[in-house]
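Just so it is clear, none of the values below were taken in a lab; they were calculated from the coordinates. Small disclaimer: the values here were computed from a predicted structure and weren't measured. Cβ coordinates were reconstructed from backbone atoms using ideal geometry, including for glycine residues, and neighbour counts include every protein chain displayed.
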């Protein structure tokens with residue numbers, strides 16, 4: 001197992017080539033707590049990585065208390081994995097946007113004609129690898145959107161080759177995110193095996209991760225919004241949620257601008273280590289009553305927890321006339337006409353903010369929007385990976401997410417949100433939520449859904 005970095009002070013990773021420790025950091029780590037060979041056995045339960053130069057354990061009582069908090073280790077590992085995945089996605093999206101001609105090496109259509117890219121499988125491989133390396137493969141079970149069979153087909157040979165190349169490029173940067181890179185490059189069979197580990201079917205018992213490697217693939221290939229979504233579910237309850245939103249603008253008003261505008265602005269105002277114009281990772285732990293947001297890791301920077309994280313919370317707006325509501329961009333799996341009628345009856349006066357992916361959940365958690373409504377057309381079944389991470393983040397940020405009957409979403413039924421009552425309603429507060437639920441009941445009979 002590779003060494004996993006913990007900025008909580010238990011260990012520091014053995015770094016790959018091209019990276020050296022700052023002596024100040026080493027002095028700070030040693031000063032943070034006592035370490036000696038005699039402590040190795042006593043503190044072995046806290047081990048996450050290794051001290052490169054000292055090869056010793058660093059410990060402090062404060063850090064031990066923090067590590068003992070339930071799911072804290074899993075949360076930090078998950079955030080690092082999503083950060084790493086976002087870095088990969090940014091490179092692939094830049095390639096897709098700038099390339100001309102067919103993208104056979106980067107893009108494929110699935111049986112339902114929805115697009116899937118090299119990023120989907122590459123992220124699935126990276127997150128699977130990261131969780132296994134840091135938490136132990138025997139302790140990791142993953143439900144994920146993409147299956148390895150599609151990537152193994154003859155018509156996907158070029159794509160598979162590119163996935164393997166992309167995964168190895170990303171793993172070469174693993175030390176930046178706190179994990180020792182593999183001793184040698186992964187081969188095709190290795191990558192397929194790692195992706196194939198994501199074969200859990202969920203259910204009411206046990207612990208499993210839920211991953212949507214690139215939520216909003218259509219937005220991704222268009223250079224628009226998308227998300228890397230990771231959640232931890234135990235005995236049917238979402239315990240952790242992590243959302244990576246690489247293109248999320250830090251200025252609220254930019255959310256409604258065309259994605260090409262963002263790209264132009266980004267070129268005119270290139271990022272520096274001090275700027276934070278777009279891109280973030282949001283995360284929350286069940287029962288904490290808090291949700292957090294941190295910027296994406298800048299190129300050539302080392303990830304140090306908590307990476308300038310700041311707490312986020314939902315908006316206090318409860319007046320429908322000034323509230324912002326989100327809905328999916330795609331019409332195929334959502335009825336815009338029904339949500340438009342609901343919006344009018346409730347008193348939502350603003351134009352809907354149509355955004356790809358779970359970025360809609362992020363917008364509510366950050367206080368940039370107040371309402372998200374989705375009512376699927378008959379026959380469509382909502383998947384757990386499209387909602388798990390976003391739901392817990394909104395809830396811990398102070399908001400509400402239920403089905404249209406006011407009941408919590410049930411993540412214990414396998415791959416789908418079975419028993420979902422008509423649709424999904426997410427709100428920043430109880431007042432708006434109650435009005436929407438009442439409006440659904442009043443108008444559902446006349447709908448064609």
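Quick check on the exposure proxy: order 366, 207, 222 from fewest to most C-beta atoms within 10 angstrom.
207, 222, 366
Note down the nm distance, to one decimal, between modelled labels 7 Å out along Cα→Cβ at residue 301 and at residue 380.
Label at residue 301, label at residue 380, 3.7 nm between them.
Using the 2.2 N^0.38 Å rule of thumb for compact globular proteins, work out how region 121-217 stacks up: its C-alpha Rg over that value, please.
Cα-based Rg divided by the globular estimate yields 1.07.
Based only on other Cβ atoms within 10 Å, what is the fewest-to-most ordering of 304, 140?
The order, fewest Cβ neighbours first, is 304, 140.
Take the alpha-carbon positions of region 342-388, form their convex hull, and give its projected area averaged over all directions (one quarter of the hull surface) in nm².
Computing the convex hull of the Cα atoms and averaging its projections yields 4.2 nm².
Could you check the spin-label model distance between residue 193 and residue 349? Points 7 Å from the Cα along Cα→Cβ, value in nm.
Going by the 7 Å Cα→Cβ label model, 6.2 nm.
Run the numbers on region 131-247 and let me know its relative contact order in percent, using alpha-carbon pairs under 8 Å that are six or more apart.
Reported as a whole number, the value is 24 percent.
For the pair residue 237 and residue 158, what calculated FRET efficiency results from E = 1/(1 + (r/R0)^6), where r is the Cβ-Cβ distance and R0 = 51 Å, to the nearest 0.05?
That pair, residue 158 with residue 237, gives E of 0.80.
How many nm is it between the label spots at residue 447 and residue 413, if each spot is 7 Å from the Cα in line with the beta carbon?
1.6 nm
Report the extension gain between residue 70 and residue 169 in nm, rounded to one decimal, defined as 0.36 nm multiplied by the number of residues separating them, less their alpha carbon distance.
32.3 nm
Can you give me the orientation-averaged projected area of the convex hull built on the Cα atoms of region 312-449, in nm²?
The number I arrive at for region 312-449 is 7.2 nm².
Exposure proxy check: 220, 303 ranked by fewest other beta carbons within 10 Å?
Result, fewest neighbours first: 303, 220.
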